[in-house]
1. Mind checking which residues of region 265-295 are at negative phi, more than 16 Å from the ligand (Cβ to nearest atom) and in contact with a helix residue (DSSP H, G or I) (Cβ under 7 Å, 6 or more places away or on another chain)?
2. Could you list all residues from region 230-264 that are of a type in the set (F, W, Y) and away from the ligand (no atom under 16 Å from the Cβ)?
3. Select from region 135-179 the residues that are assigned to a helix (DSSP H, G or I) and touching a strand residue (DSSP E or B) at 6+ places or on another chain (Cβ under 7 Å) and write down the one among them that is farthest from the ligand (Cβ to nearest atom).
4. Does L211 count as surrounded by 15 or more Cβ atoms within 10 Å (Cβ to Cβ), under 17 Å from M287 (Cα atoms) and in the same structural domain as L229 (by TED's automatic domain parsing)?
5. When both residues are 6+ apart or on different chains and their Cβ atoms are under 8 Å apart, which pairs have a first residue that lies in region 1-20 and is under 18 Å from T68 (Cβ atoms), and a second that is aliphatic (A, V, I, L, M) and in a loop (DSSP other than H, G, I, E, B)?
6. Might you let me know whether region 221-229 holds any residue that is within 21 Å of I312 (Cα to Cα), more than 10 Å from the ligand (Cβ to nearest atom) and assigned to a strand (DSSP E or B)?
7. Considering only region 93-101, I want to know if a residue exists there that is surrounded by 18 or more Cβ atoms within 10 Å (Cβ to Cβ), under 28 Å from the mean Cα position of the chain (by Cα) and more than 30 Å from G227 (Cβ to Cβ).
8. Of everything in region 238-252, what is touching a Gly at 6+ places or on another chain (Cβ under 7 Å) and either under 20 Å from E212 (Cβ atoms) or crowded, with 19+ Cβ neighbours inside 10 Å (or both)? Give them in sequence order.
Amino acid sequence: MSDLDNINSSFKQKFNSIKSKDELQNLKTEFFGKSGKITNEFKSLGSVEADKRKEFASSLNKLKDSLTSQLEKKYLEFETLEVNEKLKDEKLDVTLPTRSFQSGKIHPVSQVIDEISSIFSEIGFSVAEGPDVETEYNNFTALNTPENHPARDMHDTFYLEENKKILLRTHTSPVQIRTMLNEKPPFKIIVPGRTYRCDSDQTHAPMFHQLEGLHIDKNITMSHLKGCLDYFIKEFFEVKNIKMRFRPSHFPFTEPSAEVDIGYRIENGRIVIGEGDKWLEILGCGMVHPNVLRNVKVDPEKYQGFAFGMGIDRLAMLKYGINDLRAFFENDYRWLTHFGFDPLDVPTNYRGLSK
Ligand code: DAH
(Lines give C-alpha, C1' and ligand atoms only; values in the text may rest on other atoms or scores of the structure.)
Protein backbone atom coordinates (compact mmCIF):
# COMPACT_ATOMS: atom_id res chain seq x y z
CA MET A 1 0.00 0.00 0.00
CA SER A 2 1.33 3.43 -0.89
CA ASP A 3 1.65 6.19 1.70
CA LEU A 4 -1.39 7.91 0.30
CA ASP A 5 -3.49 4.75 0.49
CA ASN A 6 -2.43 4.38 4.10
CA ILE A 7 -3.40 7.92 4.87
CA ASN A 8 -6.75 7.43 3.18
CA SER A 9 -7.64 4.28 5.05
CA SER A 10 -6.59 5.65 8.42
CA PHE A 11 -8.69 8.74 7.71
CA LYS A 12 -11.67 6.61 6.77
CA GLN A 13 -11.43 4.59 9.92
CA LYS A 14 -11.28 7.59 12.19
CA PHE A 15 -13.79 9.57 10.19
CA ASN A 16 -16.47 6.91 10.55
CA SER A 17 -16.33 6.91 14.31
CA ILE A 18 -16.55 10.69 14.75
CA LYS A 19 -19.33 11.80 17.08
CA SER A 20 -18.86 15.49 17.62
CA LYS A 21 -17.72 18.75 16.11
CA ASP A 22 -14.70 18.71 18.44
CA GLU A 23 -13.63 15.28 17.26
CA LEU A 24 -14.05 16.46 13.72
CA GLN A 25 -11.82 19.46 14.42
CA ASN A 26 -9.15 17.14 15.91
CA LEU A 27 -9.26 14.93 12.86
CA LYS A 28 -8.89 17.93 10.64
CA THR A 29 -5.80 19.03 12.57
CA GLU A 30 -4.36 15.52 12.43
CA PHE A 31 -4.44 15.58 8.65
CA PHE A 32 -4.29 19.24 7.69
CA GLY A 33 -2.62 20.93 10.69
CA LYS A 34 0.91 22.35 10.61
CA SER A 35 2.45 18.92 10.82
CA GLY A 36 -0.63 17.05 9.68
CA LYS A 37 -0.37 13.91 7.58
CA ILE A 38 -1.47 15.58 4.34
CA THR A 39 0.58 18.71 5.08
CA ASN A 40 3.67 16.57 5.53
CA GLU A 41 3.09 14.81 2.23
CA PHE A 42 3.01 18.22 0.51
CA LYS A 43 6.23 19.14 2.30
CA SER A 44 7.86 15.96 1.02
CA LEU A 45 6.96 16.69 -2.62
CA GLY A 46 10.40 18.15 -3.32
CA SER A 47 12.15 14.95 -2.36
CA VAL A 48 10.10 12.72 -4.64
CA GLU A 49 11.95 11.54 -7.69
CA ALA A 50 11.40 13.90 -10.60
CA ASP A 51 9.70 11.39 -12.92
CA LYS A 52 7.15 10.33 -10.25
CA ARG A 53 6.56 13.79 -8.82
CA LYS A 54 3.80 14.88 -11.17
CA GLU A 55 1.74 11.75 -10.69
CA PHE A 56 2.27 11.83 -6.94
CA ALA A 57 1.28 15.51 -6.73
CA SER A 58 -1.88 14.83 -8.69
CA SER A 59 -2.86 11.88 -6.44
CA LEU A 60 -2.06 13.92 -3.36
CA ASN A 61 -4.26 16.77 -4.55
CA LYS A 62 -7.10 14.37 -5.29
CA LEU A 63 -6.80 12.87 -1.84
CA LYS A 64 -6.67 16.31 -0.25
CA ASP A 65 -9.85 17.36 -2.12
CA SER A 66 -11.66 14.20 -1.18
CA LEU A 67 -10.78 14.47 2.50
CA THR A 68 -11.63 18.18 2.74
CA SER A 69 -14.98 17.69 1.10
CA GLN A 70 -15.80 14.84 3.49
CA LEU A 71 -14.78 17.01 6.42
CA GLU A 72 -16.91 19.90 5.19
CA LYS A 73 -19.92 17.70 4.62
CA LYS A 74 -19.62 16.23 8.09
CA TYR A 75 -19.26 19.73 9.56
CA LEU A 76 -22.52 20.81 7.91
CA GLU A 77 -24.25 17.71 9.23
CA PHE A 78 -23.22 18.62 12.77
CA GLU A 79 -24.39 22.22 12.24
CA THR A 80 -27.80 21.12 11.06
CA LEU A 81 -28.08 18.72 13.95
CA GLU A 82 -27.27 21.49 16.39
CA VAL A 83 -29.85 23.87 14.91
CA ASN A 84 -32.51 21.19 15.02
CA GLU A 85 -31.72 20.44 18.65
CA LYS A 86 -32.01 24.13 19.46
CA LEU A 87 -35.29 24.48 17.62
CA LYS A 88 -36.67 21.56 19.60
CA ASP A 89 -35.84 23.31 22.88
CA GLU A 90 -36.89 26.80 21.83
CA LYS A 91 -40.14 25.85 20.22
CA LEU A 92 -42.68 28.67 20.53
CA ASP A 93 -46.21 27.70 21.45
CA VAL A 94 -48.30 30.47 19.95
CA THR A 95 -51.44 29.08 21.53
CA LEU A 96 -50.23 29.87 25.05
CA PRO A 97 -52.09 32.75 26.77
CA THR A 98 -50.28 36.09 26.53
CA ARG A 99 -48.39 37.58 29.41
CA SER A 100 -49.22 41.19 30.16
CA PHE A 101 -46.35 43.61 30.51
CA GLN A 102 -48.38 46.78 30.91
CA SER A 103 -46.60 49.00 33.34
CA GLY A 104 -48.65 52.18 32.98
CA LYS A 105 -52.12 53.41 32.17
CA ILE A 106 -53.48 56.47 30.45
CA HIS A 107 -55.39 58.71 32.86
CA PRO A 108 -59.09 59.03 31.98
CA VAL A 109 -58.64 62.80 31.52
CA SER A 110 -55.86 62.28 28.97
CA GLN A 111 -57.95 59.61 27.29
CA VAL A 112 -60.93 61.94 27.02
CA ILE A 113 -58.74 64.78 25.68
CA ASP A 114 -57.47 62.40 22.98
CA GLU A 115 -61.01 61.33 22.16
CA ILE A 116 -62.25 64.93 21.96
CA SER A 117 -59.32 66.00 19.79
CA SER A 118 -59.97 63.11 17.45
CA ILE A 119 -63.69 63.92 17.16
CA PHE A 120 -63.18 67.63 16.44
CA SER A 121 -60.27 67.08 14.06
CA GLU A 122 -62.68 65.14 11.85
CA ILE A 123 -64.65 68.34 11.20
CA GLY A 124 -61.68 70.62 10.70
CA PHE A 125 -60.84 71.94 14.17
CA SER A 126 -57.23 72.19 15.21
CA VAL A 127 -55.91 72.10 18.76
CA ALA A 128 -54.64 75.36 20.30
CA GLU A 129 -52.97 75.86 23.66
CA GLY A 130 -52.15 78.65 26.07
CA PRO A 131 -50.35 79.05 29.39
CA ASP A 132 -51.89 78.31 32.79
CA VAL A 133 -50.57 81.61 34.13
CA GLU A 134 -52.51 84.36 32.37
CA THR A 135 -52.93 88.08 32.42
CA GLU A 136 -56.03 89.52 33.96
CA TYR A 137 -56.57 91.21 30.58
CA ASN A 138 -56.76 87.97 28.54
CA ASN A 139 -58.73 86.10 31.18
CA PHE A 140 -61.34 88.80 31.74
CA THR A 141 -61.08 92.24 30.14
CA ALA A 142 -60.56 91.17 26.52
CA LEU A 143 -63.41 88.69 26.99
CA ASN A 144 -65.78 91.60 27.59
CA THR A 145 -65.64 91.18 31.36
CA PRO A 146 -64.53 94.60 32.64
CA GLU A 147 -63.36 95.31 36.18
CA ASN A 148 -66.17 95.15 38.75
CA HIS A 149 -68.19 92.88 36.47
CA PRO A 150 -69.98 90.34 38.72
CA ALA A 151 -68.74 87.44 36.59
CA ARG A 152 -65.24 88.04 37.95
CA ASP A 153 -66.36 87.23 41.48
CA MET A 154 -68.09 84.06 40.36
CA HIS A 155 -64.80 82.68 39.12
CA ASP A 156 -63.07 82.53 42.55
CA THR A 157 -59.81 83.52 40.97
CA PHE A 158 -56.34 82.62 42.23
CA TYR A 159 -54.44 85.89 41.78
CA LEU A 160 -50.66 85.62 41.70
CA GLU A 161 -49.92 89.27 42.43
CA GLU A 162 -51.14 91.86 44.87
CA ASN A 163 -52.31 94.12 42.05
CA LYS A 164 -54.37 91.31 40.48
CA LYS A 165 -52.77 91.63 37.04
CA ILE A 166 -51.48 88.04 36.82
CA LEU A 167 -53.58 85.02 37.70
CA LEU A 168 -54.12 81.29 37.13
CA ARG A 169 -56.57 81.17 34.26
CA THR A 170 -60.09 80.48 35.48
CA HIS A 171 -61.19 79.09 32.11
CA THR A 172 -59.74 78.19 28.70
CA SER A 173 -61.48 81.16 27.06
CA PRO A 174 -58.34 83.42 27.13
CA VAL A 175 -56.88 81.12 24.45
CA GLN A 176 -59.59 82.52 22.17
CA ILE A 177 -57.97 85.92 22.65
CA ARG A 178 -54.41 84.65 22.18
CA THR A 179 -55.30 82.78 19.01
CA MET A 180 -57.24 85.63 17.43
CA LEU A 181 -54.52 88.17 18.27
CA ASN A 182 -51.78 86.00 16.76
CA GLU A 183 -53.49 84.67 13.66
CA LYS A 184 -55.78 85.78 10.89
CA PRO A 185 -59.43 84.69 10.53
CA PRO A 186 -61.02 82.24 9.91
CA PHE A 187 -60.47 80.54 13.28
CA LYS A 188 -61.51 76.99 14.01
CA ILE A 189 -59.92 75.70 17.18
CA ILE A 190 -60.50 73.62 20.26
CA VAL A 191 -58.51 74.23 23.42
CA PRO A 192 -58.21 71.47 26.00
CA GLY A 193 -56.36 72.54 29.13
CA ARG A 194 -56.01 73.03 32.86
CA THR A 195 -57.99 75.72 34.63
CA TYR A 196 -58.06 76.89 38.24
CA ARG A 197 -60.60 78.14 40.74
CA CYS A 198 -60.53 78.44 44.48
CA ASP A 199 -63.10 75.70 45.06
CA SER A 200 -63.07 72.10 46.31
CA ASP A 201 -65.72 69.45 47.03
CA GLN A 202 -66.93 66.18 45.53
CA THR A 203 -67.62 67.79 42.17
CA HIS A 204 -65.14 70.69 42.23
CA ALA A 205 -61.35 70.64 42.36
CA PRO A 206 -59.11 73.74 42.51
CA MET A 207 -57.49 72.51 39.31
CA PHE A 208 -59.76 71.06 36.65
CA HIS A 209 -59.87 70.72 32.87
CA GLN A 210 -61.90 72.58 30.32
CA LEU A 211 -62.44 72.34 26.62
CA GLU A 212 -62.94 75.53 24.69
CA GLY A 213 -64.22 75.70 21.13
CA LEU A 214 -64.13 78.64 18.75
CA HIS A 215 -65.26 78.89 15.16
CA ILE A 216 -65.12 82.32 13.49
CA ASP A 217 -65.66 82.80 9.78
CA LYS A 218 -67.95 84.67 7.41
CA ASN A 219 -71.60 83.68 7.87
CA ILE A 220 -71.30 81.34 10.82
CA THR A 221 -74.63 81.08 12.61
CA MET A 222 -76.20 79.58 15.69
CA SER A 223 -77.33 76.59 13.63
CA HIS A 224 -73.68 75.74 12.90
CA LEU A 225 -73.15 75.76 16.66
CA LYS A 226 -76.08 73.41 17.18
CA GLY A 227 -74.94 71.05 14.43
CA CYS A 228 -71.41 71.00 15.76
CA LEU A 229 -72.45 70.21 19.34
CA ASP A 230 -74.98 67.60 18.25
CA TYR A 231 -72.23 65.84 16.27
CA PHE A 232 -69.77 66.08 19.13
CA ILE A 233 -72.09 64.76 21.85
CA LYS A 234 -73.17 61.79 19.75
CA GLU A 235 -69.62 60.88 18.83
CA PHE A 236 -68.29 61.36 22.31
CA PHE A 237 -70.92 59.29 24.09
CA GLU A 238 -70.99 56.85 21.18
CA VAL A 239 -74.77 56.95 20.85
CA LYS A 240 -77.03 57.31 17.79
CA ASN A 241 -79.60 59.65 19.30
CA ILE A 242 -79.16 62.47 21.71
CA LYS A 243 -81.77 64.72 23.22
CA MET A 244 -80.33 68.21 23.55
CA ARG A 245 -81.80 71.49 24.72
CA PHE A 246 -80.48 75.03 24.64
CA ARG A 247 -81.39 77.15 27.66
CA PRO A 248 -80.92 80.92 27.48
CA SER A 249 -78.07 81.99 29.72
CA HIS A 250 -75.52 84.72 30.13
CA PHE A 251 -71.79 84.90 29.51
CA PRO A 252 -70.09 88.27 29.02
CA PHE A 253 -68.19 87.01 25.96
CA THR A 254 -71.17 85.68 24.00
CA GLU A 255 -74.44 87.15 22.80
CA PRO A 256 -76.81 85.39 22.68
CA SER A 257 -75.61 82.84 25.21
CA ALA A 258 -76.96 79.42 26.08
CA GLU A 259 -76.37 76.50 28.34
CA VAL A 260 -76.79 73.07 26.83
CA ASP A 261 -78.46 70.15 28.58
CA ILE A 262 -78.51 66.57 27.34
CA GLY A 263 -81.08 63.91 28.10
CA TYR A 264 -80.34 60.89 30.26
CA ARG A 265 -81.95 58.16 32.30
CA ILE A 266 -80.86 55.85 35.07
CA GLU A 267 -80.82 52.14 34.20
CA ASN A 268 -79.80 49.52 36.79
CA GLY A 269 -78.14 52.22 38.84
CA ARG A 270 -76.11 53.43 35.87
CA ILE A 271 -76.48 56.64 33.95
CA VAL A 272 -77.41 56.22 30.29
CA ILE A 273 -76.75 59.29 28.16
CA GLY A 274 -78.89 60.18 25.17
CA GLU A 275 -82.54 59.71 25.90
CA GLY A 276 -84.77 59.78 28.93
CA ASP A 277 -86.72 62.31 30.93
CA LYS A 278 -83.87 63.79 32.93
CA TRP A 279 -81.63 66.68 31.91
CA LEU A 280 -77.94 67.19 32.57
CA GLU A 281 -76.16 70.48 31.99
CA ILE A 282 -72.92 69.93 30.16
CA LEU A 283 -71.70 73.14 28.57
CA GLY A 284 -71.97 76.87 27.99
CA CYS A 285 -71.91 78.43 24.55
CA GLY A 286 -73.06 81.27 22.37
CA MET A 287 -72.27 83.61 19.48
CA VAL A 288 -69.01 85.47 20.13
CA HIS A 289 -69.76 88.99 21.38
CA PRO A 290 -68.82 91.76 18.89
CA ASN A 291 -66.82 93.47 21.67
CA VAL A 292 -64.57 90.42 21.93
CA LEU A 293 -63.93 90.49 18.20
CA ARG A 294 -63.17 94.22 18.33
CA ASN A 295 -60.70 93.62 21.17
CA VAL A 296 -58.68 91.31 18.92
CA LYS A 297 -58.98 93.55 15.86
CA VAL A 298 -61.39 91.29 13.98
CA ASP A 299 -64.17 93.20 12.20
CA PRO A 300 -67.51 91.95 13.61
CA GLU A 301 -69.27 93.24 10.48
CA LYS A 302 -67.29 90.76 8.39
CA TYR A 303 -66.66 87.88 10.76
CA GLN A 304 -68.75 86.16 13.34
CA GLY A 305 -69.03 82.79 14.95
CA PHE A 306 -69.62 80.66 17.97
CA ALA A 307 -67.74 79.58 21.04
CA PHE A 308 -68.35 76.96 23.68
CA GLY A 309 -66.79 75.76 26.88
CA MET A 310 -67.20 72.57 28.88
CA GLY A 311 -65.68 70.65 31.74
CA ILE A 312 -63.55 67.73 30.57
CA ASP A 313 -63.41 66.01 33.95
CA ARG A 314 -67.17 65.95 34.12
CA LEU A 315 -67.36 64.45 30.63
CA ALA A 316 -64.90 61.75 31.71
CA MET A 317 -66.90 61.03 34.88
CA LEU A 318 -70.14 60.72 32.90
CA LYS A 319 -68.72 58.53 30.17
CA TYR A 320 -66.72 56.20 32.37
CA GLY A 321 -68.93 56.04 35.46
CA ILE A 322 -66.54 57.74 37.87
CA ASN A 323 -68.26 59.26 40.89
CA ASP A 324 -65.74 61.36 42.74
CA LEU A 325 -63.83 64.08 40.95
CA ARG A 326 -61.16 64.31 43.64
CA ALA A 327 -59.94 60.77 42.88
CA PHE A 328 -58.77 62.09 39.49
CA PHE A 329 -55.97 64.03 41.11
CA GLU A 330 -54.98 61.83 44.04
CA ASN A 331 -52.47 59.74 42.07
CA ASP A 332 -53.75 56.50 43.56
CA TYR A 333 -52.10 53.77 41.49
CA ARG A 334 -54.93 51.29 42.19
CA TRP A 335 -57.51 53.80 41.00
CA LEU A 336 -55.53 54.43 37.83
CA THR A 337 -55.11 50.72 37.18
CA HIS A 338 -58.88 50.36 37.39
CA PHE A 339 -60.01 53.44 35.47
CA GLY A 340 -56.97 53.98 33.22
CA PHE A 341 -56.59 53.05 29.56
CA ASP A 342 -54.16 50.95 27.55
CA PRO A 343 -51.35 53.24 26.32
CA LEU A 344 -51.18 51.40 22.99
CA ASP A 345 -54.85 51.97 22.27
CA VAL A 346 -54.94 55.50 20.90
CA PRO A 347 -58.52 56.68 20.28
CA THR A 348 -59.49 57.20 16.65
CA ASN A 349 -62.87 57.77 15.09
CA TYR A 350 -62.45 54.78 12.82
CA ARG A 351 -61.40 52.11 15.28
CA GLY A 352 -63.76 53.34 17.96
CA LEU A 353 -62.92 55.81 20.67
CA SER A 354 -63.05 53.85 23.88
CA LYS A 355 -63.20 50.22 22.80
N1 DAH B 1 -65.67 80.14 30.03
C2 DAH B 1 -66.96 79.69 30.54
C3 DAH B 1 -66.79 79.17 31.96
O4 DAH B 1 -65.72 78.78 32.34
C5 DAH B 1 -67.52 78.61 29.68
C6 DAH B 1 -67.91 79.13 28.35
C7 DAH B 1 -69.21 79.53 28.14
C8 DAH B 1 -67.02 79.24 27.32
C9 DAH B 1 -69.61 80.05 26.92
C10 DAH B 1 -67.39 79.76 26.10
C11 DAH B 1 -68.71 80.15 25.91
O12 DAH B 1 -66.56 79.88 25.07
O13 DAH B 1 -69.09 80.64 24.70
O14 DAH B 1 -67.74 79.12 32.68
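The values are calculated or read from the model by the stated rules, or taken from the named source; none is laboratory data. These figures come from a predicted structure and were not determined experimentally. Heads up, the Cβs are rebuilt from the backbone with ideal geometry, glycines too, and the neighbour counts pull from every protein chain shown.
1. I271, I273
2. Passing the criteria: Y231, F236, F237, Y264.
3. Looking at residues that are assigned to a helix (DSSP H, G or I) and touching a strand residue (DSSP E or B) at 6+ places or on another chain (Cβ under 7 Å), I get E136.
4. yes
5. S9/M1
6. No: region 221-229 contains no residue that is within 21 Å of I312 (Cα to Cα), more than 10 Å from the ligand (Cβ to nearest atom) and assigned to a strand (DSSP E or B).
7. Taking every residue of region 93-101 in turn, none turns out to be surrounded by 18 or more Cβ atoms within 10 Å (Cβ to Cβ), under 28 Å from the mean Cα position of the chain (by Cα) and more than 30 Å from G227 (Cβ to Cβ).
8. Passing the criteria: I242, S249, F251.
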